[in-house]
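Trainee: The following block contains the structure, expressed as structure tokens.
What follows is calculated from the coordinates using simple rules that are stated; it is not laboratory data. Note that the structure is predicted; figures quoted are calculated from it, not measured. Please note: Cβ atoms are built from the backbone with ideal geometry, for glycine as well, and neighbour counts cover all protein chains shown.
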Amino acid sequence: MRGAVGNLALDGDWADGSGAFPSGNGAAGGNFRFLVNAVPGDANRNGNVSPTDFGTVRSGIGRSTADAGTAPNHYTPFKDVNANGNVGPTDLGVVRGQTGANITSVPQPAAPLFMTSTAVSSATRDVLFGTNEIL
Ligand SMILES: [Ca+2]
Ligand SMILES: [Ca+2]
Ligand SMILES: [Ca+2]
């Protein structure tokens, strides 16, 4: 990605597991390597899927982005496991199917996923990030 001013590459330079915000070394360019761990069904975000997650999702049944309700029985994106905008039986089904999964059982990619401005075509970049300038 490049900034709108001067078309400079963004600073980057983050090593997953050892980087710190703000990232970068002060020079344009560099790889921003950041691994996001997510386990489908882990509604309470503790790294595993258990009956507790089932209860978390159940507390939001019937709630949606249009009718969020109030805590603790409210809509959250974490309860909306299938990301369809509402919390319903399908979300509970995902949790049920994922029970026992944990962050260590998710296969790691063979190599860190990262992009550089030269490794991604402009067409791919536009699909992933849109065409609006970010700076
Ligand atoms: Ca840099
Ligand atoms: Ca969990
Ligand atoms: Ca849902």
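Trainee: Only four residue types carry charge here, +1 at the Cβ of Lys and Arg and -1 at the Cβ of Asp and Glu. Report the dipole size of segment 51-105 about the Cα centre in Debye, rounded to the nearest 20.
Mentor: Computed about the Cα centre, the dipole is about 80 debye.
Trainee: Could I ask something else about it? Using the Karplus curve 6.51 cos²θ - 1.76 cosθ + 1.60 with θ = phi - 60°, work out ³J(HN,Hα) for each residue of segment 2-10 in order, rounded to whole Hz, and write x for Gly and Pro.
Mentor: Per residue, the Karplus-derived 3J(HN,Hα) values read 10, x, 5, 8, x, 6, 7, 5, 5 Hz.
Trainee: Work from the charge dipole of segment 1-54 (Cβ charges, +1 for Lys and Arg, -1 for Asp and Glu, about the Cα centre) and give the residue of V5, S23, V49 farthest towards its positive end.
Mentor: About the Cα centre, the residue reaching furthest to the positive side is V5.
Trainee: Taking only the C-alpha atoms, wrap a convex hull around segment 51-105 and report its volume per residue in Å³ as a whole number.
Mentor: Output value, Cα hull per residue: 71 Å³.
Trainee: Another question, then. Under 13 Å from the Cβ of A27, count the other residues' Cβ atoms, weight Lys and Arg +1, Asp and Glu -1, and hand me the total. Could the numbers behind the result be given before it?
Mentor: On the way: positive: none; negative: D11, D13.
So the surrounding residues net to -2.
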